[in-house]
Every structure is written in C-alpha cells, then in structure tokens.
Amino acid sequence: MSQRLLEIDDLVVRYGPIVAVREVSVNVDRGEIVALLGANGAGKSTILNAVAGLVPAAAGRLVFEGEEIQRLPAEKIVRRGLALVPEGRRVFPKLSVIDNLRLGGVAQRDRSSLDAVRQQVLDLFPVLRERSGQAAGTLSGGQQQMLAIGRALMSSPSLLLLDEPSLGLAPIIVDEIFQLIVGLREQGTTIVLVEQNVHRALEISDRAYVIANGVVDREGPSAQLRASAEIERAYLGIGVSA
Amino acid sequence: MMVFAAAGQEAVQQAINALALGSTYALLALGLAMVFSVLGLVNFAHGELVAVSGYAMYLLHDAGLPFAVQVPAAIATGAIAALVMQRVVFRPLRGASFITLLISSFALSVLVQNGLRAIISPRQQGVPLPDFFNESVHLGPYVIGWLEIVTLASCVIALIVLTLFLRRSTQGLGMLAAAEDFQATRLMGISPNRVIAAAFAISGALAGLAAIFLVARRGTVDPGMGFMPLLSAFIAVVIGGLGSLSGAVVGGFVLAAIEVTLDATLPGSVQPFREAFALGIVVVILYFRPEGLLTRVSEAK
C-alpha cells in the first residue's frame, strides 16, 4: 500500500467565467492531518468540493488511492472511501438523528459491518445516542456538527474531508471537535481540514497549505508555518488571517 | 326532530363524499409534491398521466379485458408514462431554471393531449365500470356508495404503503433526504438519477390509481380529462405548503371538504360560481398561512 492517499495535481475549478482555483497541487499521505488555510473566498472549500465530486474540475488530476477520480460523480467517490463533511454541516434537519446516520451508511462498502460501525459512531458521540429519535434540526450547532461527522464516519472512509468544522461553534465545543479530529487520526483516518481558525488548525495538523486567490501561497510543516505566522503577526501586523 | 336527524344524516353523507373526493385529490397532490420536492419542478403534465392511465383502461376495456386487468394496467401506465416523461423531457433539462421546467411541462401537457386527440379521438369515450360501483351499502341510516368506500380504502392503503416505503427503506429515506438537501444526498452515495426516477415513478403510479377512481366517477375518458384534477391537486399542494408531502395530503382533504360543503350549502342560483367561492376560501387560507398549512415559517426556505 503506497503512502500517498490523495494527490491533487494542478487542479483548476471554474464557476462560469470566474476561476476559483488555479493549478493547485496538494498531496496527502496516509495517517496525516493536512490543513488548508486562507482567507474567506480563497478557494479552500472549492478544492474540497472538487475532490468530493460536487463541482467539476476544469483541468488537472485528482488521484485517490492510485486511481483518477476527477471524472467521477460525488455519489461514486464517497463509495470509494472518501467522505466530505460539508461546510455548514448540511444534516437533514427533518429526519431523525438515526436516519441521518442510516443515510451515511449507504456508502459503507462492508454492509455486514453497518451495525458495528453505527455502535462505534454512537459511542464516539454519546449525545447522538441520547437524541437518536430527535429531528436533526432540533440539535444545537455543536451537536449537528457531531452528527455531520458521525454521518460521514458511517461509510468508514479512509480519507475524511472536513470543511470548517468549528464555524459558528462555542469555544468549548470547538475544543471538543479538534480533540475528536486528533482522535480520528489516531484510529487511522486521514484528514484534510479546511479552517479559518488558523492557530488551532496549525496546532493539530502535520502539514498545511496556505491558499490565497485560488493558488497555493505557501506550504510546509505546520510547526514551521506556525512560527512564521507568529512572526508576521508580531512584526507586520498581518497574519495568515488569524 | 325528523328534520334534524335528516340534516345530521346529510352531513355524514357529505363528509363521506368529501373524504372520497379528498383522497383522490390527495393522491394527485402527493405525486406533484413528490416531484417538486426532489426536482423543484411543478409538473403541469401530471394531469396527462391521469389521462393516459384512463385511456389505458379504455383501450383494455375495448379489447374485452376485465376490470381486474384494467386496474393494474392503469397504475403501471401512469408509472411508465411518468418515467418516460422524466427521461425524455426533464432529464435533458437538469439544472435548467424553474421557469424553463414549468414551460416545458406545459408544452408536454399540450403535446400529450393533442397526441390523444390525434391517435384515438377528440371525443369522449365511454369506459363502463363493473355494476358493483353503482351499488351502495346501508349502514344504519346511511347509504354509502361502494365507489366512495373503495376509493377511500385504496387511497388510505396507498398512503400507508408509501409512508412505510419512505420511512423504512433506504431508497425511500434517500428520497426524503433529497427533498431536504439534494447535494448532501449525493455525498451519502445516493444517485440523483435514481432518486428522481423513483419520484416520477411513484407520482405516476399514484396518478394512475387516482385515474381509476376519476374514470369510475365519470364513466368516460377524454383527452383533456386531466386538467381539472391537476388544478385541484395543484391548489391542494399550495394549501398544504409547496414541497411538503404530508401537507399535500392534508391540502387534498381540505380542498375536497370546501368543495363538498359548498356543493351542499350554496343555493342553486350561485352553484355555477362554486369554483370562485372555493378559490376565494383558498385565498383566505393563504392570507393567514402564506407558507401553507403544514409548513412552519422557520422551515420555509
């Protein structure tokens, strides 16, 4: 099994005449947490949506587990073990918590493991077990984020894409979510994280890419970027948008 | 005393009529709402699904086949016609604007109606039904037509089966999810083509079932027979709240109750304006509940 799990090669994404992402290349190895950082509108979410198949790649290659996936639709990509937790959580508000999880399990490749996986997810998020019969729309923002992550985990993905998981959550819940991400990696899930919370993201990630205006502005080990971000903030008064 | 008893009896009979009519509206409204909720399309060719299902009954009757064959054939014809509509007309228009879809469905409606005129006949054709439907049962003081009983029972069974399918099966759950968030449903690994095809097939089967009872009521088919039921179904959907499945069913019964009550209470001289009164009441309902009866304002997007 090769170390390289995902390879984004010169990805270009256009929305009509607007180029949202221009020739971005990102690599993700197994077991890594890779952060994509950058200001609002820099193109981070677009990169994740292109990898997950929700928006088409105008050019470039997306290679997941050694196979090109840039022509596959979203519903086929998730069945290969690449799950996206979209921005804004996007749980199904009128459906119950357990039905949301059932839908997450549709893409599970090992059908016989479904019950066991559901138990694992409910063990990971005890609050979801307590509220399993409740409509997802009645959960708090933090609980909805947990449900969105739990729903993605129902397919036992080898790569989990998280788009702004801390957005709009109380600091204490943000702590919980970040701890959870670290825990998921320890259990063998590779993670690509898009975050505006730069400092937290650099704390838990191994490597990071800073995206600006649709291109990779810089990349490197998170510890290194963290140091340079501190320096920039201290001396120049501008951060990586911290 | 006798007068009061008669009035009570009258009210019960009217209520049964309203339930039977309402259940037919509910089937059609549910089909409309189903397609709308997954595709954002108000399918004005939905009435033509009723028409082609009715014509299937007529043709089979003409060929000498019994009612027991006509019934499943009508339902299957509705489902297949809806699948063909979606594949040939609506699928190539995926992603088109609401107005484009609306006008296309109007065009399709006109096309099917004229197709029936050209191929079969512009005139009404008789479809006699088993005598059974003209008989009544006497339950105490009430006389209830078999047609009303069978209509109501079939519709209730259809609604229960559909609810179980939507709630219990993964495919059905996928349809409910798609109605809420189409893109997120794709992220679950559910194919949008399958969800859309299933929504059309179900809406067509429901239209076919409704067609059986509409034909039974009229005893005839004609190319434009789908228009009035479609209009009623559309009003029912609006009353219940566009996109809400349970709202469509409730809206169907509410509209039928309004119509039957007006039928029974309006003096003969204003009867021709019954539709105007019915729509007037709908306007009043929507004035107070602009999002429909079953849509909470917070849910409305």
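The values are calculated or read from the model by the stated rules, or taken from the named source; none is laboratory data. Given the structure is predicted, the values throughout are model-derived calculations rather than measurements. In this analysis, Cβ positions are derived from the backbone assuming ideal geometry, glycine residues included, and neighbour counts consider all displayed protein chains. SASA here: full protein model, heavy atoms, side chains in, ligands and nucleic acids out. Shrake-Rupley method; radii C 1.70, N 1.55, O 1.52, S 1.80 Å.
So, in region B:203-224, how many residues would count as being outside any helix (DSSP H, G or I) and either open to solvent by 10 Å² or more (accessible area, probe 1.4 Å) or touching a strand residue (DSSP E or B) at 6+ places or on another chain (Cβ under 8 Å) (or both)?
Qualifying residue count for the region: 5.
Somewhere in region A:81-104, is a residue over 30 Å from B:Gly95 (Cβ atoms) and open to solvent by 10 Å² or more (accessible area, probe 1.4 Å)?
Checking region A:81-104: at least one residue is over 30 Å from B:Gly95 (Cβ atoms) and open to solvent by 10 Å² or more (accessible area, probe 1.4 Å).
Here is a yes/no grid of residues against (1) touching a residue at least 24 places away in the same chain (Cβ under 8 Å); (2) within 14 Å of A:Val215 (Cβ to Cβ); (3) surrounded by fewer than 23 Cβ atoms within 10 Å (Cβ to Cβ):
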residue	(1), (2), (3)
A:Leu5	yes, no, no
A:Gly16	no, no, yes
A:Val21	yes, yes, no
A:Asn27	no, no, yes
A:Gly31	yes, no, yes
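Of all the helices (runs of 4 or more DSSP H) wholly in region B:126-196, which have at least 2 residues that are touching a residue at least 24 places away in the same chain (Cβ under 8 Å) and not basic (Lys, Arg)?
Per the criteria, B:146-168, B:170-180.
Looking for something free of Cβ contacts under 8 Å to residues at least 24 places away in the same chain and assigned to a helix (DSSP H, G or I) - is there at least one such residue anywhere in region A:40-48?
For region A:40-48, residues free of Cβ contacts under 8 Å to residues at least 24 places away in the same chain and assigned to a helix (DSSP H, G or I): absent.
Please work out if B:Leu187 is at the interface with chain A (Cβ under 10 Å from one of its Cβ atoms), under 30 Å from A:Gly53 (Cβ atoms) and in contact with a Lys or Arg (Cβ under 7 Å, 6 or more places away or on another chain).
For B:Leu187, the condition - at the interface with chain A (Cβ under 10 Å from one of its Cβ atoms), under 30 Å from A:Gly53 (Cβ atoms) and in contact with a Lys or Arg (Cβ under 7 Å, 6 or more places away or on another chain) - is not met.
So, in region A:57-80, exactly how many residues are within 10 Å of another protein chain (Cβ to nearest Cβ) and either among the β-branched types (Val, Ile, Thr) or open to solvent by less than 10 Å² (accessible area, probe 1.4 Å) (or both)?
3
Can you name the residue in region B:225-239 that is under 14 Å from B:Val282 (Cα atoms) and not polar (S, T, N, Q) and is also surrounded by the fewest Cβ atoms within 10 Å (Cβ to Cβ) among such residues?
Here the answer is B:Leu231.
Please go through region B:240-263 and give me each residue that is open to solvent by less than 10 Å² (accessible area, probe 1.4 Å) and outside any helix (DSSP H, G or I), ordered by number.
B:Gly241, the sole residue that qualifies.
Which one is nearest to A:Pro56 (Cα to Cα), of the residues in region A:88-118 that are touching a residue at least 12 places away in the same chain (Cβ under 8 Å) and more than 11 Å from chain B (Cβ to nearest Cβ)?
The residue in question is A:Asp110.
So for region B:125-140 (the condition being closer than 27 Å to B:Ala198 by Cα and surrounded by 12 or more Cβ atoms within 10 Å (Cβ to Cβ)), does at least one residue qualify?
The answer is no; no qualifying residue exists.
Inside region B:171-197, can you point out the residues that are open to solvent by 30 Å² or more (accessible area, probe 1.4 Å) and of a type in the set (Asp, Glu)?
Within region B:171-197, B:Glu180 is the sole residue that qualifies.
Can you tell me which residue in region A:153-163 is farthest from the other protein chains (Cβ to nearest Cβ), limited to those that are open to solvent by less than 10 Å² (accessible area, probe 1.4 Å) and closer than 15 Å to A:Asp115 by Cα?
A:Met154
So, B:Tyr25, is that one among the hydroxyl-bearing types (Ser, Thr, Tyr) and either within 13 Å of the chain's Cα centre (by Cα) or open to solvent by 40 Å² or more (accessible area, probe 1.4 Å) (or both) or not?
Yes; evaluated as a whole, the condition is true for this residue.
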